[in-house]
Amino acid sequence: MMFREILFLLCLGLTVLALCLFLNHFLPLLLNLDVVPRGSFGWPLVGETLRFLSPHASRTLGDFLEEHISKYGKVFKSHLFCSPTIVSCDLELNHFILQNEEKLFQCCYPKPIHGILGKSSMIVVVGETHRRLRNQALALANTTRSRTSYVTDIERIAIQVMDSWKHKERIIFCEEVRKFAFSVIVKQVLGLSMKEAESAKILEDFLTFMKGLISFPLYIPGTSYARAVQARARISLTVQVIIKERRKNGFDSNKIGDFLDVLLSTNNLSDEEKVSFVLDSLLGGYETTSLLIAMAVYFLGQCPPALNQVKLEHQDISANLQEAGQDMSLEEFKKMEFTQCVIHEALRCGNIVKFVHRKALSNVRFKEYVIPSGWQVLPIFSAVHLDSSSYVDALMFNPWRWEGQTQIISKSFTPFGGGTRLCPGFELAKVEAAIFLHHFVLNYRWRPDGEDIPMAYPYVEFPRGMPILINPI
């Protein structure tokens, strides 16, 4: 008798749990049948998340988006990351979302992202906190660009990285440009060179952190996610020690050097926010810049006419510098007009940032659609970048399409986001990429060592790290 009662209660409990999961999954859909865009919710709990995250070439939309756009249109409903979701592949709606940040929509990343980035990360905070942190990020960009050694530091680090290839015939290009990008951002933010012990310590922990950032978010000792959370804590401690040493050695607010000096001179951020901001700066300067350079080199390798034009541009710049007996400066970057076209086209085709997470703060009507309050909203940037109604021959790498354009960031081009969350360091990333390309195309010939293409997981990476065979010129 006891066994039957236990079995009955167990069956009842499972039935109630299944019913709750069913209602939690489909109730938002049932309550908004007449107003939301068409689409499907998939299975309870997981929804359509696994199909949405299926790896695909970053130069394509992937099967999930292509099938859903074909079936439902550029705006459709789904159930992703455990939330009812409106997916937008529409240029106008994406622009509307980005321009109404903190008015109609708000940043809303999944909770595991908060756990690994930290509660004070500029990527996840909202409202006044985000405004304060972003102002500091803009201060970083301005302070960095105004330093007389800014371009000199980037150029010196690029030369050092390439000098290490002298006796190599093959390199893993993504690893090399990550060394370059990390060395530059550590120098800019903390004033450290890669020869210093703190830099090596931060890099070791940072690599562990990056692996966990793209892992399954399950905090069990030994998992990549758990190791990443622990690595972030160690990086935080290292940065705190650097801050204490800077203060101990007599920080002078009237003599601003690197960005850490800017942070120490401000009183509107807590120490926790300052440490978190340093980590955000390292993350942005490391991953985005290195991927941008890899994308540019990848696409140039597939387009000989573009590569030849880039080489001619940099040969002219190098010759002029030698004739004038001058070092490179931001003035030379402004003359790299076609190189900047290549960078913009690499960003459009490569789609380093595929989408961002937002949620509706109230019921939002846009044209014939209603986005219900509390629903997640995903503006898909890559869908607009690869849309033939926005770009002629959208799937073709064609840097000449950018010639003569002065307004680069627009409704149809959002590689660095938009609105109040437009990446404050995007111009710095372009400068670093251009200077690296200057020395690379003038000093090396290269060809791919086997097949490797940028893949979206949805984060973008080259599965094999982009191995190339190199020959010095």
Of all residues in region 360-375, how many are farther than 14 Å from E102 by Cα and not in a loop (DSSP other than H, G, I, E, B)? 5
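Taking region 34-63 as the search range and keeping residues that are of a type in the set (F, W, Y) and in contact with a helix residue (DSSP H, G or I) (Cβ under 6 Å, 6 or more places away or on another chain), which one is farthest from K367 (Cα to Cα)?
Just the residues of region 34-63 that are of a type in the set (F, W, Y), to begin with: 41, 43, 52.
Filter again for in contact with a helix residue (DSSP H, G or I) (Cβ under 6 Å, 6 or more places away or on another chain), leaving 41, 52.
Numbers: F41: 22, F52: 25 Å.
Residue satisfying both the conditions and the ranking: F52.
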Within region 44-64, can you find the residues that are aliphatic (A, V, I, L, M), under 14 Å from S78 (Cβ atoms) and outside any loop (DSSP other than H, G, I, E, B)? L50
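Results for (1) in contact with an Asp or Glu (Cβ under 9 Å, 6 or more places away or on another chain); (2) aliphatic (A, V, I, L, M); (3) open to solvent by 40 Å² or more (accessible area, probe 1.4 Å); (4) within 22 Å of R348 (Cβ to Cβ), shown as yes or no for each residue.
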{"position": "Q405", "(1), (2), (3), (4)": "no, no, yes, yes"}
{"position": "P415", "(1), (2), (3), (4)": "no, no, no, yes"}
{"position": "K430", "(1), (2), (3), (4)": "no, no, no, yes"}
{"position": "A433", "(1), (2), (3), (4)": "no, yes, no, yes"}
{"position": "H438", "(1), (2), (3), (4)": "yes, no, no, yes"}
{"position": "N443", "(1), (2), (3), (4)": "no, no, yes, no"}
{"position": "Y459", "(1), (2), (3), (4)": "yes, no, yes, yes"}
{"position": "F462", "(1), (2), (3), (4)": "yes, no, no, yes"}
{"position": "N471", "(1), (2), (3), (4)": "yes, no, yes, no"}
Could you figure out which of (1) in contact with a Ser or Thr (Cβ under 8 Å, 6 or more places away or on another chain); (2) at pLDDT 85 or above; (3) on the phi < 0 side of the Ramachandran plot; (4) open to solvent by 10 Å² or more (accessible area, probe 1.4 Å) isn't true of L80? (4)
Consider L17 carefully, then state whether it is open to solvent by 80 Å² or more (accessible area, probe 1.4 Å) and either modelled with pLDDT of 90 or more or at negative phi (or both). yes
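Look through region 151-161, keep the residues that are of a type in the set (V, I, T) and crowded, with 16+ Cβ neighbours inside 10 Å, and return whichever of them is nearest to K334 (Cα to Cα). Show your work before the answer.
Restricting attention to region 151-161, the residues satisfying the condition of being of a type in the set (V, I, T) are 151-152, 154, 157, 159, 161.
From the residues that got through so far, the ones that are crowded, with 16+ Cβ neighbours inside 10 Å too are 151, 154, 157, 161.
Numbers: V151: 12, I154: 16, I157: 20, V161: 24 Å.
Top of the filtered list is V151.
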Is it the case that some residue within region 45-68 is at pLDDT 95 or above and of a type in the set (F, W, Y)? yes
Considering only region 187-194, I want to know if a residue exists there that is modelled with pLDDT under 90 and within 24 Å of Y459 (Cβ to Cβ). yes
Quick one: would you say S164 is over 21 Å from T238 (Cβ atoms) and either of a type in the set (D, E, K, R) or open to solvent by 50 Å² or more (accessible area, probe 1.4 Å) (or both)? yes
Kindly evaluate I86 against the criterion of being over 20 Å from S389 (Cα atoms), open to solvent by less than 30 Å² (accessible area, probe 1.4 Å), assigned to a helix (DSSP H, G or I) and not basic (K, R). no
Report whether or not L312 is of a type in the set (A, V, I, L, M), on the phi < 0 side of the Ramachandran plot, open to solvent by 80 Å² or more (accessible area, probe 1.4 Å) and modelled with pLDDT of 95 or more. yes
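Would you please name the residue that is most open to solvent (accessible area, probe 1.4 Å), looking only at residues in region 238-268 that are assigned to a loop (DSSP other than H, G, I, E, B) and either at pLDDT 80 or above or in contact with a Leu (Cβ under 7 Å, 6 or more places away or on another chain) (or both)? Walk me through how you get there before you give the answer.
Restricting attention to region 238-268, the residues satisfying the condition of being assigned to a loop (DSSP other than H, G, I, E, B) are 249-258, 266-268.
Subsequent filtering for residues that are either at pLDDT 80 or above or in contact with a Leu (Cβ under 7 Å, 6 or more places away or on another chain) (or both) retains 251, 258.
On the way: F251: 58, D258: 21 Å².
The extreme case among them is F251.
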Counted residues in region 170-211 being over 22 Å from the mean Cα position of the chain (by Cα) and open to solvent by 10 Å² or more (accessible area, probe 1.4 Å) come to 11
For region 314-325, check the following and say yes or no: at least one residue is of a type in the set (A, V, I, L, M, F, W, C), under 28 Å from W400 (Cβ atoms) and touching a residue at least 12 places away in the same chain (Cβ under 8 Å). yes
Here is a check on your reading of the model: is S276 in contact with a Ser or Thr (Cβ under 7 Å, 6 or more places away or on another chain), at pLDDT below 80 and of a type outside the set (A, V, I, L, M, F, W, C)? no
When the residues of region 322-362 are narrowed to those that are touching an Asp or Glu at 6+ places or on another chain (Cβ under 9 Å) and among the charged types (D, E, K, R), which ends up least open to solvent (accessible area, probe 1.4 Å)? R358
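For the structure I just gave you, tell me whether L395 is open to solvent by 20 Å² or more (accessible area, probe 1.4 Å), not in a helix (DSSP H, G or I) and not acidic (D, E).
yes
Only residues that are in a loop (DSSP other than H, G, I, E, B) and in contact (Cβ under 8 Å) with a residue 40 or more places away in the chain: list them for region 423-457, please. If you could, list the steps in order and put the result at the bottom.
Let us first name the residues in region 423-457 that are in a loop (DSSP other than H, G, I, E, B), namely 423-425, 449-454, 457.
Correct list: C423, P424, G425, D449, I453, P454, Y457.
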Quick check: is even one residue across region 216-226 at pLDDT below 80, within 30 Å of P110 (Cα to Cα), under 19 Å from the mean Cα position of the chain (by Cα) and open to solvent by less than 50 Å² (accessible area, probe 1.4 Å)? no
Can you name every residue in region 116-135 that is open to solvent by less than 40 Å² (accessible area, probe 1.4 Å) and either under 16 Å from the mean Cα position of the chain (by Cα) or under 17 Å from G212 (Cα atoms) (or both)? I116, L117, G118, S121, M122, V124
Does E92 count as open to solvent by 30 Å² or more (accessible area, probe 1.4 Å) and without any contact (Cβ under 8 Å) to a residue 40 or more places away in the chain? no
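The values are calculated or read from the model by the stated rules, or taken from the named source; none is laboratory data. Everything quoted here is computed from the prediction, not taken from an experiment. Please note: Cβ atoms are built from the backbone with ideal geometry, for glycine as well, and neighbour counts cover all protein chains shown. SASA here: full protein model, heavy atoms, side chains in, ligands and nucleic acids out. Shrake-Rupley method; radii C 1.70, N 1.55, O 1.52, S 1.80 Å.
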